[in-house]
Amino acid sequence: MKKIEVKNLTKIFNGKLAINQINFSLKENSILGVLGPNGSGKSTTIGILLGLIKQTSGEIYINDTYINKKNRFKFLNIMNFASPYTELPKRLSVIENLSIYARLYNVKNIKDRLEEIYDYFELYDLLGKKTGELSSGQKTKVALAKALINKPQILLLDEPTASLDPVVADYLKTFIYKYKKKNNISILLSSHNMQEAQTLCDNIMILKKGEVVELGQTNLVLDKYKKKKLEDVYFKIFGEK
Ligand code: ADP
Ligand code: MG
């Protein structure tokens with residue numbers, strides 16, 4: 001089944017095309033990488049899927065249902081997201097933030113789920129700290145903890161490891177990989193880290209100035225370019241090293 005399908009999605013900001021007629025789908029139990037340089041339309045795509053940005057035209061289907069204004073909220077409980085552009089309230093502690101989100105998402109057995117999440121991310125030392133006082137690595141961990149609180153079927157991650165040091169980035173990459181393996185979850189993940197994308201993503205979509213230039217299974221895209229590394233495909237498309 002397709003968890004998300006997007007048809008002819010277009011967004012024009014003040015007369016300027018941010019994404020132009022893009023089509024893709026996110027398959028069940030798979031990871032789709034949305035790749036491309038700054039300004040290529042990754043966050044706009046994710047923002048539209050989350051309902052934070054209104055598309056200029058085009059259609060979105062979630063679990064094969066056409067999404068409109070009325071039914072959108074019904075799907076929010078099966079989705080979640082983490083994005084550096086929507087930070088958690090800074091003055092609240094980690095425990096307060098996660099408890100509030102658990103209630104917002106109507107999580108059943110909140111106490112058990114919170115403990116499970118604290119264990120997953122080894123959050124016990126951070127629980128009493130204000131979110132605004134965390135390092136960027138810790139913030140990202142907490143943002144990902146929040147994103148999983150409702151056991152989403154669909155997870156949208158906007159550059160989850162950008163601005164992290166390599167050790168934390170690797171920890172999160174491994175975490176996402178393991179979590180996906182254990183849970184039936186579909187993840188759309190934007191990144192400009194090609195090594196990370198190659199490890200994690202079953203399928204990739206490469207955007208260039210708001211247009212889809214490659215879309216398909218990661219290994220098939222590599223074959224097409226006769227490359228072993230996605231980084232080399234990226235440089236082929238966006239300029240040589
Ligand atoms: P990415 O996430 O790939 O870096 P974005 O989706 O943020 O790219 O941006 C795509 C294009 O849309 C860019 O040209 C950017 O300047 C423009 N854009 C994004 N958000 C806005 C906005 N709120 N208002 C005007 N232009 C925007
Ligand atoms: Mg972005």
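Bear in mind these aren't lab numbers, they're just calculated from the coordinates by the rules spelled out. Everything numeric here is computed off the predicted structure, so don't read it as measured data.
If you wrap a convex hull around the alpha carbons of the chain, what volume per residue comes out, as a whole number of Å³? Write down the numbers at each step before the final one.
Details: hull volume 31.7 nm³, N = 241.
Roughly 132 Å³ of hull volume per residue.
Please state the equivalent ellipsoid semi-axes for segment 1-115: what are the square roots of 5 times the Cα gyration tensor eigenvalues, largest first, in whole Å?
28, 18, 14
Over what distance in Å are the Cα centres of segment 98-167 and segment 174-220 separated?
Here the two parts' Cα centres lie 21 Å apart.
Antiparallel versus total DSSP beta bridges in the chain: what percent is that, nearest 5?
55
I want to verify a result. In a Gaussian network model of the chain, Cα cutoff 10 Å, which of these has the top mean-square fluctuation: Leu35, Leu127, Leu98?
Result for the chain, Cα springs under 10 Å: Leu127 fluctuates most.
What angle, in degrees between 0 and 90 and rounded to the nearest 10, separates the Cα long axis of helix 136-148 from the longest principal axis of the Cα atoms of the chain?
90
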